[in-house]
Amino acid sequence: MSDAACDSDTVPYWVRRSAPGGVYDQMLQWGLGTGTDSLGGLEPGVSIVLGNHFGGHQKYVRPDQSPIYVHLIGEFAAGTKVHPTGNHSFPTGNFEPIRDNNRVKLNWTIKCLEGAPERIRDVFYNQVTTLNNATVSEEANMRKHWITRVLSDNDMDLIHFTTANIFQTAQAKPSSPDKRMQKRPLNSPASPGSDDSSSTLSSCDQEELLAKKVGDAYPASAMPGYGGNWFQTSSACRVVQLDITDPSSTLLPPWEWYKWIVEGTLVYLTAEMYIYEYDGRKYHSLSMKSMQVLDKGDLLPVKPVPRVMESASTSRARLNEQANVAVPAVSPGRIKFSAGYVPKGKQRADAATADADGSSKTAKRRLSPEVQELEVSRTKRNRSSK
């Protein structure tokens, strides 16, 4: 088949997701985003309450003070990227490279799912509503770091979340004083590739790059983009394996993240809700604990390269560069959900009611009783919250 014919057969990701039996139908069948721990079904002050966190900070927990990982869905927004410099910044205004003691995280943003049935769009809206209502609004200097609301169009609302620290310092292994060294034979033939100067990883390094489990670590250089003048780390610096999986629930190592985490990629994640206070300001942080890619977006991934300190004008020019688009020819097929996922659970139908005290809390959309049907009726949204 010619390339032209192949191109004519391709469709945007939101179209193939909407096809009968596609990803959106599977999400509805599994009830993603509507279970008992789903973010959109939780009520701050009722099903989740503020509890104490270390250092005088707070986080949302269950009424019995046990921890809760909220479940949510979304699609990565424009500007999504994966780079080892993460959220590293310079509080003093002067350039400071990343060192072993820095806490580097990846900040990502998700939006409403493009072309999704109204039922799924309402799930995202209710997620934003929960985060809005969970914001400690009594503080004059509060900062809503976990959502951005666009009052003119609910489908433009954004949810911001962050990962755990992506780097850690490895503990030095104790030496074995009784271990004897073995001499190398002088007359043996050289092994194939032994003189290859392009190789940067020893056999030991390559063993470290084998698939591991969540929480294990790899050499920092295994993450694309590591190096350059942005990093002044020791050889003990390691990149941590986060709980990020592909549609088949296969763990994605750090050097694969950039291939999947792009604008348009559809994800299902769990997170904890923290409220930190520094210098009288409250910062609302949604901290990712696990994330499964349900369907990849259409943008062609660009492998990160080491950053260099550059002028502000050059930086702006880089941000304005247009990304290349590569549209997949086929749908990825069925999703194999993670083993720890608990399907559906109790369905919630929250009426849109206003608070008696006239607070700025947003009412949630009512869920129709036909949510389990794959053919979701295109009815008008419940706008009673406006």
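Under 9 Å between Cβ atoms, at least 6 apart or on separate chains: pull out the pairs that start in the stretch 52-65 with a residue that is closer than 16 Å to ALA134 by Cβ and end on any residue that is surrounded by fewer than 10 Cβ atoms within 10 Å (Cβ to Cβ) and among the aliphatic types (A, V, I, L, M).
Here the result reads PRO63/VAL46, each pair linking the stretch 52-65 to a residue that is surrounded by fewer than 10 Cβ atoms within 10 Å (Cβ to Cβ) and among the aliphatic types (A, V, I, L, M).
State the number of residues belonging to the stretch 44-58 that are loosely packed, with under 15 Cβ neighbours inside 10 Å and either touching a His at 6+ places or on another chain (Cβ under 6 Å) or part of a loop (DSSP other than H, G, I, E, B) (or both).
2
Considering only residues that are over 14 Å from the mean Cα position of the chain (by Cα), polar (S, T, N, Q) and more than 21 Å from GLY228 (Cα to Cα), which ones fall in the stretch 59-91?
Across the stretch 59-91, the qualifying residues are GLN65, SER66.
Scan VAL293, VAL267 and give me the residue that is within 30 Å of LEU42 (Cα to Cα), in contact with a helix residue (DSSP H, G or I) (Cβ under 7 Å, 6 or more places away or on another chain) and assigned to a strand (DSSP E or B).
Working: VAL267 fails: in contact with a helix residue (DSSP H, G or I) (Cβ under 7 Å, 6 or more places away or on another chain).
After ruling out the rest, the residue left standing is VAL293.
What pairs come up if the first residue lies in the stretch 123-135 and is on the phi > 0 side of the Ramachandran plot and β-branched (Val, Ile, Thr), the second is surrounded by 24 or more Cβ atoms within 10 Å (Cβ to Cβ) and in a loop (DSSP other than H, G, I, E, B), and their beta carbons are under 9 Å apart, counting only those six or more places apart or on different chains?
Sorted first by the residue in the stretch 123-135, then by its partner, the list stays empty.
Can you name every one of the strands (runs of 3 or more DSSP E) wholly within the stretch 74-192 that holds 3 or more residues which are at pLDDT below 90?
none
If only one of LEU28, LEU32 is part of a helix (DSSP H, G or I) and either buried (at least 19 other Cβ atoms within 10 Å of the Cβ) or modelled with pLDDT under 95 (or both), which one is it?
LEU28
The values are calculated or read from the model by the stated rules, or taken from the named source; none is laboratory data. Quantities reported herein were computed from a predicted structural model and do not represent experimental measurements. Heads up, the Cβs are rebuilt from the backbone with ideal geometry, glycines too, and the neighbour counts pull from every protein chain shown.
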